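Student: Here's a structure for you.
What follows draws every value from the coordinates through simple rules; no lab data is involved. Predicted model, so just to flag it, every value in this text is computed and none were measured. Note: ideal-geometry Cβ built from the backbone for every residue, glycine included; neighbour counts use all protein chains shown.
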Amino acid sequence: REWTTLKEYDEILFDFYKGIAKITINRPRYRNAFTPKTVKEMIDAMHICRENSDIYVVVFTGAGDKAFCAGGDQNVKGIGGYVDDSGVPRLNVLDLQKMIRSIPKPVIAMVNGYAIGGGHVLHVVCDLTIASENAIFGQTGPKVGSFDGGFGSSYLARIVGQKKAREIWYLCRQYSAKEALDMGLVNCVVPHDQLEDETVKWCEEIMEKSPIALRMIKAGLNAELDGQAGIQELAGNATLLYYFTEESQEGRKAFLEKRKPDFKKFPKFP
Ligand code: 2NE
């Protein structure tokens with residue numbers, strides 16, 4: 001399969017193949033732990049994924065065969081957050097989590113090894129997770145002086161249930177791909193050498209479906225959990241569809257033609 005480079009970065013790879021954008025954390029030396037710069041680059045790539053209408057689906061993964069992502073890079077964790085060259089402490093991965101949830105396209109985590117700590121949360125917030133048999137899942141925060149009480153807790157609990165989510169966080173154990181499948185934390189498990197083929201197959205099946213139906217269903221599934229921000233997304237999609245109607249266009253035309261709009265001619269659906 002020939003992936004083409006969409007943009008060059010320092011700490012991630014950003015590739016494209018037939019409607020699929022692939023974002024790969026490229027720090028295998030550190031089990032693909034992320035720095036503020038890694039996250040900044042992923043956020044930039046996600047902006048491109050949102051804007052580029054040739055992209056239907058986004059795949060997140062990690063370089064090599066050992067890790068999807070081992071969370072925040074502990075080497076650059078300072079007082080107040082993870083520190084980049086500017087010296088400013090940040091937790092910008094939270095912005096990335098929100099982007100993964102709000103981009104109106106499916107995002108798939110292709111987990112090829114450890115998905116640990118903040119790296120585990122990244123797969124949790126993705127729409128779907130395809131795991132290789134060597135994938136290992138878990139949170140470490142309470143062991144290493146951190147926690148994610150946002151999506152990393154509440155959304156995790158929506159997926160695996162309250163008892164299991166508390167077990168995952170309180171004990172900081174590691175779980176096999178099979179255990180993750182049994183608790184509904186991943187969608188499927190495949191041998192490592194079939195991981196990308198299987199993920200592309202899922203993407204191709206998704207890409208045969210109606211993009212507007214997919215964006216509406218993603219927003220609908222988010223809205224139930226995301227409060228006003230979720231309703232805003234769902235309603236934004238409704239507005240998008242309304243703008244396609246003659247009824248909406250009549251309002252704009254009437255304004256520009258300096259006349260009263262005639263909305264009476266439009267049907268009042270039951
Ligand atoms: C991932 C895991 C389980 C892998 O273990 P193993 O035995 O396969 O590899 P090893 O030897 O631990 O790691 C290989 C190299 O990668 C570095 C290690 O330090 C090691 O370096 P050297 O000893 O060869 O020099 N490495 C691995 N993870 C790293 C990390 N996160 N930061 C910096 N270097 C890392 C095992 O490595 C592990 O448990 N890693 C730590 C996972 C962790 O605790 N992550 C941070 C959680 S907190 C977080 O991510 C977070 C949050 O809680 C809330 C918001 C945002 C972020």
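Student: In region 161-228, which GluC sites (Glu not before Pro) fall in coil by DSSP and have 11 or fewer other Cβ atoms within 10 Å? Kindly include the intermediate steps, with their values, before the conclusion.
Tutor: Numbers: sites: Glu167, Glu179, Glu196, Glu198, Glu204, Glu205, Glu208, Glu224; in loops: Glu208.
Of the GluC sites (Glu not before Pro), the ones in loops of region 161-228 whose Cβ has at most 11 other Cβ atoms within 10 Å are Glu208.
Student: Let me ask another. Is there a quick way to get the dipole size of region 97-218? I mean about its Cα centre, with the Cβ of Lys and Arg at +1 and of Asp and Glu at -1; what is the value in debye to the nearest 20?
Tutor: Working: 14 positive and 13 negative charges, 153 e Å.
Roughly 740 debye, rounded to the nearest 20.
Student: Moving to a separate point now. Within region 153-240, list the trypsin sites (Lys or Arg not before Pro) lying in a DSSP loop whose Cβ has at most 10 other Cβ atoms in a 10 Å radius.
Tutor: Numbers: sites: Arg158, Lys163, Lys164, Arg166, Arg173, Lys178, Lys201, Lys209, Arg215, Lys218; in loops: Arg173, Lys209.
Passing sites in region 153-240 do not exist.
Student: Helix 36-51 versus the longest principal axis of the chain: what is the Cα-based angle in degrees, 0 to 90, to the nearest 10?
Tutor: 30
Student: Going down the table (Lys37/Lys201; Lys209/Lys264; Lys105/Lys253; Lys143/Lys163), which pairs top 27 Å between alpha carbons?
Tutor: On the way: Lys37/Lys201 31 Å; Lys209/Lys264 35 Å; Lys105/Lys253 32 Å; Lys143/Lys163 19 Å.
Violating the 27 Å Cα-Cα cut-off are Lys37/Lys201; Lys209/Lys264; Lys105/Lys253.
Student: In the calculated pair distance distribution of region 160-270, what percentage of Cα-Cα distances lie above 16 Å? Let's see the in-between values first.
Tutor: On the way: 4706 of 6105 pairs.
So the pairs more than 16 Å apart make up 77 percent of the total in region 160-270.
Student: How tilted is helix 195-207 with respect to the longest principal axis of the chain? Cα atoms for both, answer in degrees (0 to 90, nearest 10).
Tutor: It works out to around 10 degrees.
Student: Mind ordering 19-28, 5-14, 251-260, 88-97 by average Cβ neighbours within 10 Å, highest first? Let's see the in-between values first.
Tutor: On the way: 19-28: 21.5, 5-14: 16.5, 251-260: 10.0, 88-97: 18.2.
So the order, starting with the most tightly packed, is 19-28, 88-97, 5-14, 251-260.
Student: May I ask for the angle, rounded to the nearest 10°, between helix 162-171 and the longest principal axis of the chain, with both axes built from Cα atoms and the value confined to 0 to 90°?
Tutor: 40
Student: Now, a different point. Please give the contour-minus-distance gain from Ser53 to Asp95: 0.36 nm per residue of separation, less the Cα-Cα distance, rounded to one decimal in nm. Don't jump to the answer; show the numbers that get you there.
Tutor: Working: separation 42, 0.36 × 42 = 15.12 nm, distance 2.21 nm.
Stretched out fully, the Ser53 to Asp95 stretch lengthens by 12.9 nm.
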